[in-house]
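So that we are looking at the same thing, I have put the structure below in structure tokens.
The values are calculated or read from the model by the stated rules, or taken from the named source; none is laboratory data. Everything numeric in this text was worked out from a predicted model, so none of it was measured. No Cβ is skipped: glycine too gets one built from the backbone with ideal geometry, and neighbour counts run over all protein chains shown.
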């Protein structure tokens with residue numbers, strides 16, 4: 001039944017104490033004999049100044065680079081894998097292994113994370129890769145759009161969420177080995193790492209492994225970052241030239257700082273506006289034929305959130321598509337949503353959360369995400385309750401829409417061909 005599924009996929013992990021006043025989060029999942037470990041490091045994009053953007057990516061990547069093919073072959077032989085990703089507030093390392101090979105996997109990878117090789121040849125090779133990734137982003141309208149929104153809202157010349165994970169040509173050039181060593185020393189510590197494990201193995205089997213291979217990491221000092229200054233956008237409409245047959249039209253909207261209520265509201269407005277055939281945007285595609293690709297996306301940071309509403313269309317439909325997109329935003333701001341729409345979207349948000357949490361990797365990632373941005377790992381269990389609170393307060397939700405969708409706070413970005421302006 002639905003309650004049973006909810007209890008399984010959104011259950012509260014156990015906070016397990018370790019030596020040295022440290023702890024990790026443990027979840028028992030007997031579905032299969034696989035163990036997933038998420039290592040969340042506070043050092044994300046926000047932790048690096050604009051002059052050294054790309055440093056977080058460079059350090060985490062090098063901290064997972066195998067010393068030789070022997071270790072990589074060993075991991076492949078036992079069926080283990082690892083990956084990494086980056087957000088504004090943190091970096092995350094994911095390790096997955098057959099439970100019977102979990103300790104051997106952690107033995108190999110933790111040793112590399114703790115004592116990585118920061119050689120000049122490895123650094124230079126990765127810098128070249130980052131420059132190539134920058135070129136890919138510069139050739140992709142969605143990446144261009146997202147980066148520009150971050151630069152507009154958060155400012156290009158400060159610590160924060162602006163820029164690319166891969167930095168830019170100048171920042172990558174400035175990064176030195178000493179910067180990488182210092183970043184690793186400051187952030188790869190017990191004080192700045194949150195570990196979450198989901199496994200069919202019992203807690204008394206997992207705990208000694210976490211203690212043995214991660215407990216020896218330096219204690220370090222908890223690093224707290226200043227609240228990011230939100231820039232008042234100087235331009236409300238920004239056109240970026242991109243030779244293409246289509247044009248991307250996007251609206252960027254800032255959301256309030258993270259809290260259970262604001263985060264839940266963000267999930268719901270995302271659902272109402274752009275998720276599925278019942279969304280507000282769907283009419284632009286199915287009825288008006290103004291777009292072949294449309295979407296909304298919420299990015300939740302610790303200091304604020306960002307809602308992106310965008311579509312792609314033929315350049316000949318630019319003006320009616322712009323007007324229609326803005327019309328939907330104006331309508332939902334002025335009229336709000338009905339209780340039926342709010343409740344329907346709330347149920348879809350619950351369903352989406354259950355689907356997202358089906359796999360161990362995503363579930364542990366969500367738990368770590370909630371803990372790191374300040375909601376607490378407990379939010380995984382109280383999420384449905386928070387959704388229900390919002391869905392019962394139509395007046396409060398519609399007032400929220402009026403606040404975030406104020407025209408003065410919305411920035412429009414156009415990425416496309418000839419009748420846009422060269423930037």
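Does at least one position in the stretch 284-299 carry a residue that is part of a helix (DSSP H, G or I) and surrounded by fewer than 16 Cβ atoms within 10 Å (Cβ to Cβ)?
First, pick out the residues of the stretch 284-299 that are part of a helix (DSSP H, G or I): 284-286.
Of the ones still in play, those that are also surrounded by fewer than 16 Cβ atoms within 10 Å (Cβ to Cβ) are 286.
Looking through the stretch 284-299, at least one residue is part of a helix (DSSP H, G or I) and surrounded by fewer than 16 Cβ atoms within 10 Å (Cβ to Cβ).
Then there is this: Please indicate, with yes or no, whether at least one residue in the stretch 344-354 is in contact (Cβ under 8 Å) with a residue 24 or more places away in the chain, in a helix (DSSP H, G or I) and within 20 Å of residue 92 (Cβ to Cβ).
Looking for residues that are in contact (Cβ under 8 Å) with a residue 24 or more places away in the chain, in a helix (DSSP H, G or I) and within 20 Å of residue 92 (Cβ to Cβ), one finds at least one in the stretch 344-354, hence yes.
Here is a list of conditions, (1) in contact (Cβ under 8 Å) with a residue 40 or more places away in the chain; (2) crowded, with 18+ Cβ neighbours inside 10 Å; (3) touching a helix residue (DSSP H, G or I) at 6+ places or on another chain (Cβ under 8 Å); (4) outside any strand (DSSP E or B), and residue 322 meets all of them except one; can you say which number that is?
All conditions are met except number (3).
With respect to residue 41, determine if the residue is buried (at least 18 other Cβ atoms within 10 Å of the Cβ), modelled with pLDDT of 90 or more and farther than 19 Å from residue 172 by Cα. Please lay out each step first, then the result.
Values: buried (at least 18 other Cβ atoms within 10 Å of the Cβ): yes; modelled with pLDDT of 90 or more: yes; farther than 19 Å from residue 172 by Cα: yes.
Yes.
If you don't mind, there's one more thing I want to ask. Mind listing whichever residues of the stretch 247-283 are in contact with a helix residue (DSSP H, G or I) (Cβ under 8 Å, 6 or more places away or on another chain) and assigned to a loop (DSSP other than H, G, I, E, B)?
256, 258, 275, 276, 277, 278, 279, 280, 281
Next question. Could you say which residue among 83, 110, 99 is in contact (Cβ under 8 Å) with a residue 12 or more places away in the chain, within 16 Å of residue 196 (Cα to Cα) and surrounded by fewer than 20 Cβ atoms within 10 Å (Cβ to Cβ)? Even if it seems obvious, please write down each step before you answer.
Details: 83 fails: in contact (Cβ under 8 Å) with a residue 12 or more places away in the chain; 110 fails: surrounded by fewer than 20 Cβ atoms within 10 Å (Cβ to Cβ).
None of the other options fit; the residue is 99.
Let me ask you something else. Would you confirm, using the coordinates I've provided, whether residue 263 is surrounded by 22 or more Cβ atoms within 10 Å (Cβ to Cβ) and at pLDDT 90 or above? Steps first, answer last, please.
On the way: surrounded by 22 or more Cβ atoms within 10 Å (Cβ to Cβ): yes; at pLDDT 90 or above: yes.
Criteria met by residue 263.
Exactly one of (1) modelled with pLDDT under 90; (2) touching a helix residue (DSSP H, G or I) at 6+ places or on another chain (Cβ under 6 Å); (3) within 30 Å of residue 81 (Cα to Cα) is unmet by residue 417. Its number?
Failing condition for residue 417: (3).
Here's something else I'd like to know. Please indicate, with yes or no, whether at least one residue in the stretch 146-154 is under 30 Å from residue 217 (Cβ atoms), touching a residue at least 12 places away in the same chain (Cβ under 8 Å) and surrounded by 15 or more Cβ atoms within 10 Å (Cβ to Cβ).
First, the residues of the stretch 146-154 that are under 30 Å from residue 217 (Cβ atoms): none.
No, every residue in the stretch 146-154 fails to be under 30 Å from residue 217 (Cβ atoms), touching a residue at least 12 places away in the same chain (Cβ under 8 Å) and surrounded by 15 or more Cβ atoms within 10 Å (Cβ to Cβ).
Anything in the stretch 220-231 that is exposed (fewer than 12 other Cβ atoms within 10 Å of the Cβ) and under 21 Å from residue 15 (Cα atoms)? List them, or say none.
Within the stretch 220-231, 221, 222 qualify.
Related question: When residues of the stretch 42-87 are filtered for being over 24 Å from residue 101 (Cβ atoms) and not in a helix (DSSP H, G or I), how many remain?
Within the stretch 42-87, residues that are over 24 Å from residue 101 (Cβ atoms) and not in a helix (DSSP H, G or I) number 9.
Being in a loop (DSSP other than H, G, I, E, B) and in contact with a strand residue (DSSP E or B) (Cβ under 7 Å, 6 or more places away or on another chain) is the filter here; which residues of the stretch 24-41 pass it?
29, 33
Kindly provide the set of residues from the stretch 109-166 that are part of a helix (DSSP H, G or I) and touching a strand residue (DSSP E or B) at 6+ places or on another chain (Cβ under 8 Å), ordered by number. Even if it seems obvious, please write down each step before you answer.
Here is the first cut: in the stretch 109-166, the residues part of a helix (DSSP H, G or I) are 109-114, 120-138, 141-154.
Correct list: 109, 113, 141, 142, 144, 145, 146, 148, 149, 150, 152, 153.
I need a count of the residues in the stretch 236-247 that are surrounded by 21 or more Cβ atoms within 10 Å (Cβ to Cβ) and within 22 Å of residue 332 (Cα to Cα).
The number of residues fulfilling the criteria is 0.
Here is a further query. Restricting attention to the stretch 331-346, does a residue exist that is surrounded by 16 or more Cβ atoms within 10 Å (Cβ to Cβ), under 17 Å from the mean Cα position of the chain (by Cα) and under 23 Å from residue 254 (Cα atoms)?
no
To continue, here is another question. Among the numbered conditions (1) in contact with a helix residue (DSSP H, G or I) (Cβ under 7 Å, 6 or more places away or on another chain); (2) buried (at least 21 other Cβ atoms within 10 Å of the Cβ); (3) outside any helix (DSSP H, G or I), tell me where residue 303 comes up short.
Residue 303 satisfies all of (1) in contact with a helix residue (DSSP H, G or I) (Cβ under 7 Å, 6 or more places away or on another chain); (2) buried (at least 21 other Cβ atoms within 10 Å of the Cβ); (3) outside any helix (DSSP H, G or I) except (1).
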